[in-house]
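Okay, structure first, notes after.
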Amino acid sequence: MTPTVNTNPLRDPRDRRLPRLPDPCALVVFGVTGDLARKKLIPAVYDLANRGLLPPGFVLLGFARRDWTDSDFAEIIREAAAEGARTPFREEVWERLAASIKLVPGSFNDDHAFDTLAQTLLDLEHTHGIPGNAAFYLSIPPSAFPVVLKQMQRTGMASNEASGGWRRVVVEKPFGHDQDSARALNELVDEVFTPEDVFRIDHYLGKETVQNLLALRFANTLFEPIWNSHFVDSVQITMAEDVGIGSRAGFYDETGAARDVLQNHLLQLLALTAMEEPVSFNAEAIRYEKLKVLRAVSLPADFAGYAVRGQYEQGWLAGRRVKGYLEEDGVPAESRTETYAAVRIGIETRRWAGVPFYLRTGKRLPRRVTEIAVSFKPAPHLPFNTTDTTELGHNQLVVRVQPDEGVTLKFGSKVPGSAMEVRDVAMDFLFGEAFTESLPEAYERLILDVLLGDATLFPNNAEVIESWRVIDPMEDYWARTVPFRYRAGSWGPAAADEMLARDGRRWRRP
Amino acid sequence: MTTLWDTTGSDVVRALAAERRSAGALAFGLALTLVVVVDEKHVGVAESAATTAAAAHPCRLLIVVRRQLDAASSRLDAEVSIGGRLGPGEAVVMRMFGRLSLHAESVVLPLLAPDAPVITWWHGVPPDHIAYDPLGVFADRRVTDTSAADDPVAALRQRAADFAPGDTDLAWTRLTAWRTLIAAAFESLTERPRAATIAGGDRDPSVCLLSGWLSDRLGLPVSVETKSHHGLAEVRFDLNDGELTVARQDSRTAVLKRPGQPDRAVPLAERGLGDLLAEELRRLDHDGPYADALAAWSTVKGLAARSPVREHIWRDPMASSVDSPGTTGTTGTITRKTGTIAGAAG
């Protein structure tokens, strides 16, 4: 991507000991005192610094509305780094990093503040040897996007040409709330930045196991030949959370589980699971294949039977009584927002025709787990007595995305003893066992990729629009219905179980 | 943990299998076997480094301590543990007495994890010829540490003479942080420097390898300025408008100076043995840049083209000590029979 890599005589593709460092650059965080910035961004930046992966010239510029003094601000950032960092907190690393953290106070409609920010970025050339490179991280509500982007446009901050280096922008989900709003948001961002400089963060794609899915599929001969409708019976993709909505009632009640999780995380996992082999391992080729799969996604004809949503009521979870969704602070008593969504979709390609993909996500489920389970067809013929194989299920390949990152293979095996009896056993591969080389946090990896300009792990415009094409008809249908109720601490509403039972299947208990 | 006194190799294999069963680790994701060759005096240091490295790359750890080569009778003591004091993985510490030390592979071979890469690390003075040590012959990767030798520079020269793809030396690993910084400093450079100067200890093999790497990659003259203290102190590059300098400030930081730009403090941590070893375990293939740097410094040509496979050369240090009085009968002594390397250890 960056031409300097080829011209640097000290870079050698064989030299894998040397990590690639970004060019000298600034990371500008809007909403730096917000929740996400403090819990994820700041610790990730510290971890990058601690691992020596930041360039010698690096500056973190925080833009925040509140009137912090520099020392208050430094203290907040320090606390965030010390609490959230995964690598040991070392004072000398912190001091060096802290020296290059600056606060630019101001509100989003304050022209003066943006002029100051633009000037500060220009000055970095002399003060820190940063030749115009900057990434803007918009850790702010989408409603603030237009005003911030307009300010950036006005000051010329977003322009690669005007700055003399690269200018990139990082956008967090939600990427709109339906196809139209996503398109409007895209147009807004693309008008200010060039489309290839826009990085949409889906932090699931930064997880090692998700990237490992591509290694598993495309680096081995073992799995790819059976990765199609001849051998695969069905696929279940689950993202379960044990937490409720916390303090996000306002946001969540407008959004719901489908828009919050299904539209982005689950459809991205689906795309990686189902996509064809990319012609090469670069951003363009991978996005191209993902987009093809998303375009081939078909929705069930019968929404009533195959698009189930639920809302948790009070119940017991992990030994504690928890409130129902409607009793959560800030949720309207008559809210029909879903906290659980399960849907059956198909992929209309030669490889996948006829294989149902069941996606589900929910809050207040018994445990936090994300996994992709590929279930294979039963053997065409079993040369055993039927009583010998009563406990034999489908062969399964499960990619555990979190926690306990790894892969499980489930297959039948003879029970030791004089009788012929076949039962399911599980073979586990734990990432943490073969390589504990501490798995980098998703944000760490993604921020580094933004600074390096590597867009492989970021969904693009077209993918976002295509994902809304899948979600919008369901939302339209759901708008006329009331979600099913399920007890907090259970695996979702009974209607979701019935949905699979109708197909002669059942949900895997993750 | 199982401790076996005066035991046999088969009993060690059996004890390891029993430990695996009781640890419930039958489906352990074993990625590699690390064989550590160490003197009794340094077992503690080597163990703790290997434990650190094993925590980053779970492996089967086989520690071989050769003792009293001249003992009248051979004897094997072993300690087998899983998830004990030697980290979360499987570990076997073996002490071999007498002639058994010369046939250590007879105990170690059946203990290697099936079809997984083997890395052998000599904690102390590296053998003059790796082919002399059967524990190095079956390894896919061999890690030496020339800085442990009496004359590290001569030892590094010997590594070049004895090189085979798959060999690396920790003197190279110690350079990674330096090389990362220097390469990053070159990233935005628009001109090629005319010359480079390295300031560092004259007996430091890392200084030698850095000069080799720079002259190989940049094709420019590299001079070495001798400093009295150990280690690498500073690297300078001549540019049109001044000097680009990376200088160590303290054990954690370096300063990067460039003409027309403010000085910058950058991280440059001195790493412990365990971290260095962990970096070695990350690479299981031939390290081309190391071979090139070693070749450029030593002027021995065609290193990377050599065969990666060695054949064991039988050599009895007891016999050679009779030949040349004055050397003691420990492994790692130079035989006077192999004239090419005589005097390498000073």
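The values are calculated or read from the model by the stated rules, or taken from the named source; none is laboratory data. Remember, it's a predicted structure, so these values are computed and weren't measured experimentally. So basically every Cβ, Gly included, is an ideal-geometry build from the backbone, and we count neighbours across all protein chains shown. SASA here: full protein model, heavy atoms, side chains in, ligands and nucleic acids out. Shrake-Rupley method; radii C 1.70, N 1.55, O 1.52, S 1.80 Å.
Taking region A:101-129 as the search range and keeping residues that are within 14 Å of another protein chain (Cβ to nearest Cβ) and modelled with pLDDT of 85 or more, which one is surrounded by the most Cβ atoms within 10 Å (Cβ to Cβ)?
From region A:101-129, those within 14 Å of another protein chain (Cβ to nearest Cβ) are A:123-129; that's our starting set.
Filter once more, so that each one left must be modelled with pLDDT of 85 or more: A:123-124.
Values: A:D123: 11, A:L124: 23.
Top of the filtered list is A:L124.
Got at least one residue in region B:219-228 being within 8 Å of chain A (Cβ to nearest Cβ), touching a helix residue (DSSP H, G or I) at 6+ places or on another chain (Cβ under 8 Å) and part of a loop (DSSP other than H, G, I, E, B)? Looking for residues that are within 8 Å of chain A (Cβ to nearest Cβ), touching a helix residue (DSSP H, G or I) at 6+ places or on another chain (Cβ under 8 Å) and part of a loop (DSSP other than H, G, I, E, B), one finds none in region B:219-228, hence no. A:L48 satisfies every condition listed in (1) more than 13 Å from chain B (Cβ to nearest Cβ); (2) within 30 Å of A:G156 (Cα to Cα); (3) open to solvent by less than 10 Å² (accessible area, probe 1.4 Å) except (1).
So that you can scan it fast, the table gives a plain yes or no per residue for (1) away from every other protein chain (no Cβ under 14 Å); (2) closer than 23 Å to B:D11 by Cβ:
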{"position": "B:A49", "(1), (2)": "yes, no"}
{"position": "B:P58", "(1), (2)": "no, no"}
{"position": "B:Q68", "(1), (2)": "yes, yes"}
{"position": "B:S74", "(1), (2)": "yes, yes"}
{"position": "B:G84", "(1), (2)": "yes, yes"}
{"position": "B:G89", "(1), (2)": "no, yes"}
{"position": "B:A104", "(1), (2)": "yes, yes"}
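Residues that are in a helix (DSSP H, G or I) and of a type in the set (K, R) were ranked within region A:63-98; the one that is nearest to the other protein chains (Cβ to nearest Cβ) is A:R96.
Residue check: is A:L60 part of a loop (DSSP other than H, G, I, E, B), among the hydrophobic types (A, V, I, L, M, F, W, C) and either buried (at least 18 other Cβ atoms within 10 Å of the Cβ) or within 9 Å of another protein chain (Cβ to nearest Cβ) (or both)? No: the conditions fail for A:L60. Can you find even one residue in region A:364-372 that is within 26 Å of A:L409 (Cα to Cα), among the hydroxyl-bearing types (S, T, Y) and either open to solvent by 30 Å² or more (accessible area, probe 1.4 Å) or assigned to a strand (DSSP E or B) (or both)? For region A:364-372, residues within 26 Å of A:L409 (Cα to Cα), among the hydroxyl-bearing types (S, T, Y) and either open to solvent by 30 Å² or more (accessible area, probe 1.4 Å) or assigned to a strand (DSSP E or B) (or both): present.
Pairs meeting the criteria (first residue in region B:243-269 and of a type in the set (D, E), second residue open to solvent by 30 Å² or more (accessible area, probe 1.4 Å) and in a strand (DSSP E or B), beta carbons under 7 Å, at least 6 apart or on different chains) are B:E243/B:R236; B:D263/B:K257.
Every residue, every condition in (1) of a type outside the set (D, E, K, R); (2) surrounded by fewer than 22 Cβ atoms within 10 Å (Cβ to Cβ); (3) at pLDDT 90 or above, yes or no:
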| site | (1), (2), (3) |
| --- | --- |
| A:V210 | yes, no, no |
| A:T221 | yes, yes, yes |
| A:I245 | yes, no, no |
| A:L267 | yes, no, yes |
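Yes or no: B:V107 at pLDDT 90 or above, surrounded by 22 or more Cβ atoms within 10 Å (Cβ to Cβ), in contact with a helix residue (DSSP H, G or I) (Cβ under 8 Å, 6 or more places away or on another chain) and β-branched (V, I, T)? Answer is yes for this residue. Looking at (1) open to solvent by less than 20 Å² (accessible area, probe 1.4 Å); (2) in contact with a strand residue (DSSP E or B) (Cβ under 8 Å, 6 or more places away or on another chain), which is the only condition B:A49 fails? So the condition that B:A49 fails would be (2). Is it fair to say A:A258 is crowded, with 19+ Cβ neighbours inside 10 Å and touching a strand residue (DSSP E or B) at 6+ places or on another chain (Cβ under 6 Å)? Yes. Do you know which of the residues in region A:10-44 that are under 30 Å from B:L284 (Cα atoms) and crowded, with 24+ Cβ neighbours inside 10 Å is nearest to the other protein chains (Cβ to nearest Cβ)? My answer is A:P22.
For region B:96-142, name all the residues that are under 19 Å from the mean Cα position of the chain (by Cα) and part of a loop (DSSP other than H, G, I, E, B).
Taking region B:96-142 first, the residues under 19 Å from the mean Cα position of the chain (by Cα) are B:117-142.
Selection gives B:P117, B:H123, B:G124, B:V125, B:P126, B:P127, B:D128, B:H129, B:D133, B:F138, B:A139, B:D140.
Please specify each residue of region B:115-126 satisfying the condition of being touching a residue at least 40 places away in the same chain (Cβ under 8 Å) and either in contact with a Leu (Cβ under 7 Å, 6 or more places away or on another chain) or surrounded by fewer than 22 Cβ atoms within 10 Å (Cβ to Cβ) (or both). Within region B:115-126, B:A116, B:P117, B:V118, B:I119, B:T120, B:W121, B:G124, B:V125 meet the criteria.
Here is a yes/no grid of residues against (1) within 26 Å of A:P366 (Cα to Cα); (2) part of a helix (DSSP H, G or I); (3) of a type in the set (K, R); (4) free of Cβ contacts under 8 Å to residues at least 60 places away in the same chain:
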position	(1), (2), (3), (4)
A:V189	no, yes, no, yes
A:R200	no, no, yes, no
A:L216	no, yes, no, no
A:Q236	yes, no, no, no
A:G244	yes, no, no, no
A:G250	yes, yes, no, no
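Comparison of B:T197, B:T180, B:T168, B:T173 shows that the only residue that is closer than 13 Å to B:V246 by Cβ, hydroxyl-bearing (S, T, Y) and crowded, with 20+ Cβ neighbours inside 10 Å is B:T180. One residue stands out among those in region A:276-315 that are part of a helix (DSSP H, G or I) and of a type in the set (K, R): the one that is most open to solvent (accessible area, probe 1.4 Å), which is A:R295. Within region A:410-439, the residues that satisfy the criterion of being surrounded by 16 or more Cβ atoms within 10 Å (Cβ to Cβ) and either at pLDDT 85 or above or more than 13 Å from chain B (Cβ to nearest Cβ) (or both) are A:K410, A:F411, A:G412, A:E421, A:V422. The numbered conditions (1) assigned to a loop (DSSP other than H, G, I, E, B); (2) under 30 Å from A:H128 (Cβ atoms); (3) within 12 Å of chain A (Cβ to nearest Cβ) are all true for B:E270 except (3).
In region B:273-289, the qualifying residues are those that are more than 10 Å from chain A (Cβ to nearest Cβ) and open to solvent by 40 Å² or more (accessible area, probe 1.4 Å), and the one that is nearest to B:A171 (Cα to Cα) is B:L273.
Checking B:A154 against (1) surrounded by fewer than 24 Cβ atoms within 10 Å (Cβ to Cβ); (2) in a helix (DSSP H, G or I); (3) facing chain A (nearest Cβ under 10 Å), only one condition comes out false. Which one? Looking at each condition in turn, B:A154 falls short on (3).
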